[in-house]
1. Within region 285-305, is there a residue that is under 17 Å from Glu238 (Cα atoms) and assigned to a loop (DSSP other than H, G, I, E, B)?
2. So which pairs qualify, if the first residue must be in region 291-307 and within 16 Å of Arg65 (Cβ to Cβ) and within 14 Å of the ligand (Cβ to nearest atom), the second must be open to solvent by 30 Å² or more (accessible area, probe 1.4 Å) and assigned to a helix (DSSP H, G or I), the Cβ gap must be under 7 Å, and the two must be at least 6 apart or on different chains?
3. What single numbered condition from (1) touching a helix residue (DSSP H, G or I) at 6+ places or on another chain (Cβ under 9 Å); (2) assigned to a helix (DSSP H, G or I); (3) open to solvent by less than 20 Å² (accessible area, probe 1.4 Å) fails to hold for Leu104?
4. If you check Lys201 against the conditions, is it within 29 Å of Leu333 (Cβ to Cβ) and either in contact with a helix residue (DSSP H, G or I) (Cβ under 6 Å, 6 or more places away or on another chain) or modelled with pLDDT of 95 or more (or both)?
5. Taking the criterion of being of a type in the set (Lys, Arg), open to solvent by 10 Å² or more (accessible area, probe 1.4 Å), part of a strand (DSSP E or B) and closer than 18 Å to Thr124 by Cβ, would at least one residue in region 474-496 satisfy it?
6. Report, by residue number, each residue of region 67-86 that is in a strand (DSSP E or B), within 16 Å of the ligand (Cβ to nearest atom) and open to solvent by less than 50 Å² (accessible area, probe 1.4 Å).
7. State all residues of region 312-345 that are free of Cβ contacts under 8 Å to residues at least 12 places away in the same chain and either within 30 Å of Leu270 (Cβ to Cβ) or part of a helix (DSSP H, G or I) (or both); if no residue qualifies, say none.
8. Pick from region 53-66 the residues that are surrounded by fewer than 18 Cβ atoms within 10 Å (Cβ to Cβ) and more than 6 Å from the ligand (Cβ to nearest atom): which of them is farthest from Ser319 (Cα to Cα)?
Amino acid sequence: MQRDGPFKGRSISVVNSLSLDEQRYLYKKARELKTELASGGDAASFRIADPDYSAYLIFLENSTRTRESFRNAAQFHRVRVNMFDTATSSFAKNESITDTIKMLIGYAPESCFVIRSKLEGVCTWLDSYLGPWAERCGHKRPVFLNAGDGKHEHPTQEFLDEFTFLEQLNWNDQSIHLALVGDLYHGRTVHSKADGLKIFKHVKVDLVAPDELSMPPFYVDTMKRNGFEVRVFRTLDEYLASGSVSKLWYFTRLQLERMGESVLEKAPLLKRAVTFRQDMMDKLPEGTRFFHPLPRDRMAPTIPTFLDDTPLNGWDAQSANGYYTRAVEMAMLAGVIGQDFSGKGKEPTHEDDSFIMEAPITKHAKQEYKVGIKPVESGMVIDHIASGQSLQAIWDRIDKVRRVLGLNLRSSHGVYHSNQGPEVYKGIISVPDVSSFGEKNLKKLGAVSPGCTINLIENHQVVKKYRLGMPPRIYNFDEISCKNDNCVSNPKHQESVGTSFERKIDANGNARYVCSWCEREHDYSEIWTL
Ligand code: CP
């Protein structure tokens, strides 16, 4: 059977790997599959049914639900199912994950990899590097499914959660009011809600967690930017007294083991703040349902076991839904289904890739270089370095520019008045007898000191002037690294993954650098190792 369609060969690394319409398609198909299997149907039109198609389950961290639902989904598809034994594999001989997967791609005509790892951004990296590599070597492009990467994302959990909410709401996607309760700081499943809930037109989210476990501001900002109404409560008691309580509650496990001594001392108080109690039962709205990504901590469950056999229990059916949604995800990426998709697909990001703008040559520009800095007869002058910042910041930036560009040659520098105002200063570096910095160094200069200008001097005259902005993508320079310790590219993991940042405009209109793998945002000054 010819397998094709808009999802064939794609990967699910993050929730946004699928557009909203594509996510809706996934939920529609999962509903069809669930209905067909419930009525005893064979669901043949969903099956990959190819003995040469290989599904590798690579779990570098513990799992029950994700691993077993994917294993059962792969068996449903009647493909080769490989439960990769990480403990006895050559990972123990320090093999990198890239090398490992490269080998495995060669063992079957077509492969899908389901990966859980503490390395954040690992699936994005593998898809970006090994996808083209496999095609160059004559293999079919492998697909990657992120089964949870550190604190970053758990997209297939998010899709099963949203499927469950839709099912609970009779497939009405007009609005949702959801309470997120528990450890909102560490839980990647609640972080993914900032994007996953966008499938509902109107979203109201109540965040219930003590300060020590509160949702990181990045995700709260994302929710607000996505148009969600967000309310914050510190305890369940405070929430229940608020007068407006959701009927859908999503609990998470407390990951106190990840926190320092000072927080552990407060553990009983923190647990009490987000653990449901018997005396709260009559404060719940009629028809309330509780959900939980599971596992529940058997010592300190935020949803106590006395609720297991009550109508509040939505979590058991929720975890069963993982089988249907994951089977459908595998079918989509293998190209078995998707031909009938008619919505809006994932749009490529159209970033303006210019960062060098020609600037007008002003009269006083020439005068400027005569004040306290040796006039350049011919060469380059880097002007407006850290313009308007404190004197200390300007000197620091001059130092950084010199080190990043390796300016160990005849030149001079200083801090000067800017013509922007009496107390406004800027840095200048003049480099005589140099007519070009080269494209690589221009990129570095734009990224280390956006807003600076480059003046090309000939016969004491400024003949060309350029203003530099932040380059849209900066990658594979030795002097940059992602500052997220858990990022797959962080040098401490020795995975030989090149550093790569993409420019993104944040909620306040400021340009930031986002790691292409783990999506950690950085100020431009943070990306440097020098
Ligand atoms: N919800 C979830 O990811 O469970 P497992 O850790 O058991 O896979």
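1. Yes, there is a match, as at least one residue in region 285-305 is under 17 Å from Glu238 (Cα atoms) and assigned to a loop (DSSP other than H, G, I, E, B).
2. Leu294/Arg65; Leu294/Ser319
3. (1)
4. On the way: within 29 Å of Leu333 (Cβ to Cβ): yes; either in contact with a helix residue (DSSP H, G or I) (Cβ under 6 Å, 6 or more places away or on another chain) or modelled with pLDDT of 95 or more (or both): yes.
When the stated conditions are applied, Lys201 passes them.
5. Pass one, region 474-496, residues of a type in the set (Lys, Arg): 483, 492.
Cutting the leftovers down to open to solvent by 10 Å² or more (accessible area, probe 1.4 Å) gives us 483, 492.
With part of a strand (DSSP E or B) added as a condition, the list becomes none.
Checked against the condition, which is being of a type in the set (Lys, Arg), open to solvent by 10 Å² or more (accessible area, probe 1.4 Å), part of a strand (DSSP E or B) and closer than 18 Å to Thr124 by Cβ, region 474-496 yields no hits at all.
6. Within region 67-86, just Phe84 meets the criteria.
7. Asp316, Ala320 - these are the residues of region 312-345 that are free of Cβ contacts under 8 Å to residues at least 12 places away in the same chain and either within 30 Å of Leu270 (Cβ to Cβ) or part of a helix (DSSP H, G or I) (or both).
8. Residue satisfying both the conditions and the ranking: Glu61.
The values are calculated or read from the model by the stated rules, or taken from the named source; none is laboratory data. Quantities reported herein were computed from a predicted structural model and do not represent experimental measurements. Because the Cβ atoms are built from the backbone with ideal geometry, glycine has one as well, and the counts that use them run over all protein chains shown. These accessible areas exclude ligands, DNA and RNA; they are computed on the full protein's heavy atoms, side chains included. Shrake-Rupley method; radii C 1.70, N 1.55, O 1.52, S 1.80 Å.
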